[in-house]
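Each remark here refers to the structure printed beneath this line.
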Amino acid sequence: MSTQQLIESLTADQLKKTLPAMHVGDTVNVHFRIVEGDKERTQVFQGVVLAKKGRGINQMMTVRKIVDEVGTERQFPVYSPMISKFEIIRRGDSRRAKLYYLRDRTGKSRRLRDRRRALGKVGVTKAGGKSAPSA
């Protein structure tokens, strides 16, 4: 057994089993616990997933939100015990693995297409074949 396989087998029981399928471009709510002294509360961070990196127990996710025209980004370890849950609000259609170009965008150009609407753009006939482009 290689060292990598040994590490993955040791951390396999620490992985969360009930994670939704999150992709880059999705708008998500991240519920994370904050401990202040002896009190504990849950705070929600809603934003667009800009990037995902790593794998296994080391997987990280960068989420960006805009409040009063000021952008805020946070990196969350996906399998952290301080994160109580992820909720997917909207599925965005993106063709890139990293959406860092959204940092420079303002206004309506910052928005991403909805994934459901993007699937309707493919021209398919009822017979199942692709339709010919109209000239």
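With θ set to phi - 60°, apply the Karplus curve 6.51 cos²θ - 1.76 cosθ + 1.60 along the stretch 90-97 and write out the HN-Hα couplings as whole Hz, x wherever there is a Gly or Pro.
Here the 3J(HN,Hα) series is 8, 9, x, 9, 9, 10, 10, 7 Hz.
Treating only the Cβ of Lys, Arg, Asp and Glu as charged (+1, +1, -1, -1), what charge dipole size does the chain show about its Cα centre? Round to the nearest 20 debye.
On the way: 29 positive and 13 negative charges, 186 e Å.
Once rounded to the nearest 20, the dipole reads 900 debye.
Report ³J(HN,Hα) in whole Hz for each residue of the stretch 43-52, in order, from the Karplus equation J = 6.51 cos²θ - 1.76 cosθ + 1.60 where θ = phi - 60°; Gly and Pro get x.
10, 10, 10, 9, x, 9, 6, 8, 7, 10
Exactly which trypsin sites (Lys or Arg not before Pro) in the stretch 1-46 are in a DSSP loop and have at most 15 other Cβ atoms within 10 Å? Mind showing how you got there, number by number?
Numbers: sites: LYS16, LYS17, ARG33, LYS39, ARG41; in loops: LYS16, LYS17.
Listed in order of number, the matching sites are LYS16, LYS17.
Pick out, from LEU112, PHE45, HIS23, the residue whose Cα sits farthest towards the positive end of the charge dipole of the chain, with +1 on the Cβ of Lys and Arg and -1 on the Cβ of Asp and Glu.
LEU112
Mark the label point 7 Å from the Cα of LEU15 along Cα→Cβ and return the residues of the stretch 46-63 whose backbone N is within less than 11 Å of it.
55-59
Could I have the simple spin-label model distance between ARG113 and GLN75, label points 7 Å from Cα toward Cβ, reported in nm to one decimal?
If labels sit at ARG113 and GLN75, their model points lie 3.1 nm apart.
Once the Cβ-Cβ distance between ASP68 and HIS23 is put in as r, and R0 is 22 Å, what FRET efficiency do you end up with, to the nearest 0.05? Can you show the working numbers first?
Numbers: r = 28 Å, r/R0 = 1.26.
Computed FRET efficiency for ASP68 and HIS23 comes out at 0.20.
Under the Karplus relation 6.51 cos²θ - 1.76 cosθ + 1.60, θ = phi - 60°, what is the ordered set of whole-Hz ³J(HN,Hα) values for the stretch 29-34, x standing for Gly and Pro?
9, 10, 8, 10, 8, 10
Taking a 1.4 Å probe, which of ARG64, ARG55 shows the most accessible area, and what order do the others take after it? Intermediate values should be presented prior to the final figure.
On the way: ARG64 45, ARG55 155 Å².
I get ARG55, ARG64, largest accessible area first.
Can you work out the FRET efficiency for the pair SER84 and LYS53, with r the C-beta to C-beta distance and R0 = 22 Å, to the nearest 0.05?
Details: r = 22 Å, r/R0 = 1.00.
It comes to 0.50.
Can you give the FRET efficiency to the nearest 0.05 for ARG96 and PHE45, using r as the Cβ-Cβ distance and R₀ = 22 Å? The partial results should precede the final answer.
Working: r = 22 Å, r/R0 = 1.01.
About 0.50, to the nearest 0.05.
Run the count for the chain, please: Lys pairs, Cα-Cα under 20 angstrom, 8 or more apart or on different chains.
18
Quote the relative contact order of the chain in percent (integer), defining contacts as alpha-carbon pairs under 8 Å separated by 6+ residues.
Computed value for the chain: 23 percent relative contact order.
The values are calculated or read from the model by the stated rules, or taken from the named source; none is laboratory data. Values in this document were obtained by computation on a predicted structure and should not be read as measured data. Counting neighbours? That spans all protein chains shown, and the Cβs are built from the backbone with ideal geometry, glycine included. Just the protein is used for accessible areas: all its heavy atoms, side chains included, with ligands, DNA and RNA removed. Shrake-Rupley method; radii C 1.70, N 1.55, O 1.52, S 1.80 Å.
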